[in-house]
Amino acid sequence: MIDKIKEYIAEVEDFQAKSKEEIEAFRIKFSGKKGIINDFFSEFRNVAVEQKKEFGQAINTLKNIAEEKVKLLKEEADTSTQYQSKGEDITRPGEPISIGSRHPISLVKNNIIDIFSRIGFNVSEGPEIEDDWHNFTALNLPEYHPARDMQDTFFIQTDPDILLRTHTSSVQVRYMENNKPPIRTISPGRVYRNEAISARSHCFFHQVEGLYIDKDVSFADLKQTLQYFTQEMFGKSKIRLRPSYFPFTEPSAEVDVYWGLETETDYKMTKGTGWLEIMGCGMVDPNVLKNCNIDPDEYSGFAFGMGIDRIALLQYGILDIRLLSENDKRFLDQFIPAL
Ligand code: PHE
């Protein structure tokens with residue numbers, strides 16, 4: 001009889017069922033009222049005394065594994081019907097996830113940061129809502145200075161003046177106030193000017209300004225740095241510096257890069273000259289250094305500033321600056337995946 005029980009134990013262990021009906025039939029066969037296990041229990045009193053212990057253990061084992069098996073099979077059947085009922089096939093490969101793209105402004109900005117970080121410039125940032133001191137006065141633009149009109153300003157509040165910064169030179173002032181020379185920093189960020197919106201200009205755009213302050217910094221250092229930049233950025237190192245005016249630099253210059261006249265677009269972009277204006281620059285005015293507690297007799301420095309949006313238009317052949325802020329997915333999808 002013990003052997004018979006062992007055979008049943010093996011049968012229970014091997015049993016597999018697909019449907020709930022099969023499992024129920026199995027349960028009735030073993031654990032039902034008139035099932036095999038109860039039959040064995042009724043046999044118990046007829047078993048010889050010396051075999052009772054072994055026999056008892058064997059039916060208990062059979063009883064436990066049969067119950068365990070039914071429980072397990074039911075759980076399996078439940079989970080598989082859950083998926084079946086939703087019509088899902090869990091072996092199907094997932095939907096491809098679109099990885100998105102970087103905005104052209106970010107691509108250009110990151111490239112510029114990369115180029116200057118290779119020659120020791122760090123990145124500094126500041127607030128977009130500025131006070132008069134950091135945007136104008138400290139930069140050698142006292143009240144009523146006519147050059148304030150060069151940049152039409154959005155005022156948030158007057159007296160004291162609070163405004164949307166018109167350039168990221170304000171970050172340079174903050175940086176000089178809080179750090180001692182040598183200073184090598186670039187400040188990328190969004191700036192605002194009260195200008196009519198068209199294909200060529202917008203009321204907000206992005207700049208990167210650079211500042212280098214140390215002992216004996218000369219105009220030649222500025223020119224070398226700019227040449228290094230245009231070579232790395234555009235693969236072109238032929239530049240020219242045209243005398244210009246900024247209140248915060250003296251002398252000041254406008255930087256043109258020789259773009260060439262190879263294609264029709266080159267002609268259009270450079271108005272037939274081959275030269276393209278890309279930034280303003282100059283030697284930091286001693287008054288600005290003084291305003292930021294840096295001794296102009298000990299230190300000198302240069303600064304430059306460029307618009308990121310215009311460079312992005314140029315590099316990607318984008319014809320309308322407004323596309324950069326419209327968030328049109330068809331436009332954004334055209335830029336390199338962000339990986
Ligand atoms: N801040 C100037 C502008 O916004 C650019 C500039 C920066 C010029 C630094 C010279 C030096 O036009």
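Where a number appears in this text, it was derived from the coordinates with a stated rule and is not lab data. What you see is a predicted model; the values in this text were computed from it and never measured. Here Cβ is always computed from backbone atoms with ideal geometry, including for glycine, and neighbour counts include all displayed protein chains.
Straightening the chain between Ala196 and Leu72 buys 37.3 nm, computed as 0.36 nm per residue apart minus the Cα-Cα spacing.
Within a straight-line Cα-Cα reach of under 14 Å, Lys18 can be paired with the following aspartates and glutamates, leaving aside sequence neighbours fewer than 8 residues apart in one chain: Glu75, Glu76, Asp78. The HN-Hα couplings worked out from phi for region 8-22 by the Karplus form 6.51 cos²θ - 1.76 cosθ + 1.60 (θ = phi - 60°) are 5, 4, 4, 4, 4, 4, 7, 5, 10, 9, 9, 9, 5, 4, 4 Hz, whole numbers, x standing for Gly and Pro.
Considering the chain as a Gaussian network with a 10 Å cut-off on Cα pairs, which listed residue, Pro251, Pro96, Pro296, attains the greatest mean-square fluctuation? Result: Pro96 has the largest fluctuation of those listed. Solvent-free Debye calculation, one equal scatterer per alpha-carbon of region 104-335: log10 I(q)/I(0) at 0.12, 0.14, 0.18 Å⁻¹ equals -0.68, -0.93, -1.50.
Which of the residue pairs Lys109/Lys215; Lys215/Lys290; Lys6/Lys52; Lys236/Lys271; Lys20/Lys53 have a Cα-Cα distance greater than 26 Å in the structure shown?
Values: Lys109/Lys215 29 Å; Lys215/Lys290 15 Å; Lys6/Lys52 15 Å; Lys236/Lys271 18 Å; Lys20/Lys53 35 Å.
The pairs that break the limit, which is 26 Å between Cα atoms, are Lys109/Lys215; Lys20/Lys53.
The trypsin sites (Lys or Arg not before Pro) found in region 104-199 that occupy coil by DSSP, while having at most 14 further C-beta atoms within 10 Å, are Arg118.
Set the Förster distance to 25 Å, then compute FRET efficiency between Ser218 and Asn111 from the Cβ-Cβ distance, nearest 0.05. The partial results should precede the final answer.
Working: r = 27 Å, r/R0 = 1.08.
Approximately 0.40, to the nearest 0.05.
Sequence-ordered 3J(HN,Hα) estimates for region 296-303 from the Karplus curve with 6.51, -1.76 and 1.60 and θ = phi - 60° stand at x, 6, 9, 10, 9, x, 10, 9 Hz, glycine and proline given as x. Residue exposure proxy: Arg240, Arg330, Arg102, ordered by other Cβ atoms within 10 angstrom of their Cβ from fewest to most, comes out as Arg330, Arg240, Arg102.
Per-residue 3J(HN,Hα) values for region 99-111, derived from phi via the Karplus relation 6.51 cos²θ - 1.76 cosθ + 1.60 with θ = phi - 60°, read 8, x, 9, 8, 5, x, 4, 5, 4, 5, 4, 4, 5 Hz in sequence order (x marks Gly and Pro). Other residues within the sphere of radius under 12 Å centred on the Cβ of Val288, judged by their own Cβ, net out at -2 (K and R +1, D and E -1).
Within region 182-249, which GluC sites (Glu not before Pro) sit in a loop by DSSP and count at most 14 neighbouring Cβ atoms inside 10 Å? Walk me through the intermediate numbers first.
Details: sites: Glu195, Glu209, Glu232; in loops: Glu195.
Sites meeting the loop and neighbour criteria: Glu195.
What separates the Cα centres of region 292-339 and region 173-193 is a distance of 16 Å.
Loop-only check: which trypsin sites (Lys or Arg not before Pro) in region 10-44 are DSSP coil with at most 10 other Cβ within 10 angstrom? Mind showing how you got there, number by number?
Values: sites: Lys18, Lys20, Arg27, Lys29, Lys33, Lys34; in loops: Lys18, Lys33, Lys34.
Loop-located and lightly packed - Lys33, Lys34.
Set the Förster distance to 41 Å, then compute FRET efficiency between Glu298 and Cys203 from the Cβ-Cβ distance, nearest 0.05. Result of the calculation: an efficiency of 0.50. Computed log10 I(q)/I(0) for region 2-85 at 0.17 Å⁻¹: -0.69, from the Debye equation with unit scatterers placed on every C-alpha and solvent omitted. Listed by chain and number, the aspartates and glutamates whose C-alpha is less than 18 Å from the C-alpha of Lys74, apart from same-chain residues fewer than 8 away, are Glu11, Glu13, Asp14, Glu21, Glu22, Glu24. Label sites at Gln16 and Thr158, each approximated as a point 7 angstrom past Cα along Cα to Cβ, lie 8.7 nm apart.
May I ask you to compute the full-extension gain from Thr91 to Glu250, defined as 0.36 nm times their residue separation minus their alpha-carbon distance, rounded to one decimal in nm?
Gain on stretching Thr91 to Glu250: 50.2 nm.
Ranking His103, His134, His167, His145 by Cβ neighbours within 10 Å, fewest first, what do you get? Before the final figure, lay out the partial values.
Details: His103 17, His134 21, His167 25, His145 14.
Ascending Cβ contact count within 10 Å gives the list His145, His103, His134, His167.
By DSSP, the beta bridges lying fully in the chain are antiparallel in about 95 percent of cases. Rounded to the nearest 500, the helix-only mean residue ellipticity at 222 nm of the chain stands at -12500 deg cm²/dmol, with each DSSP H run of n ≥ 4 adding -39,500 (n - 2.57).
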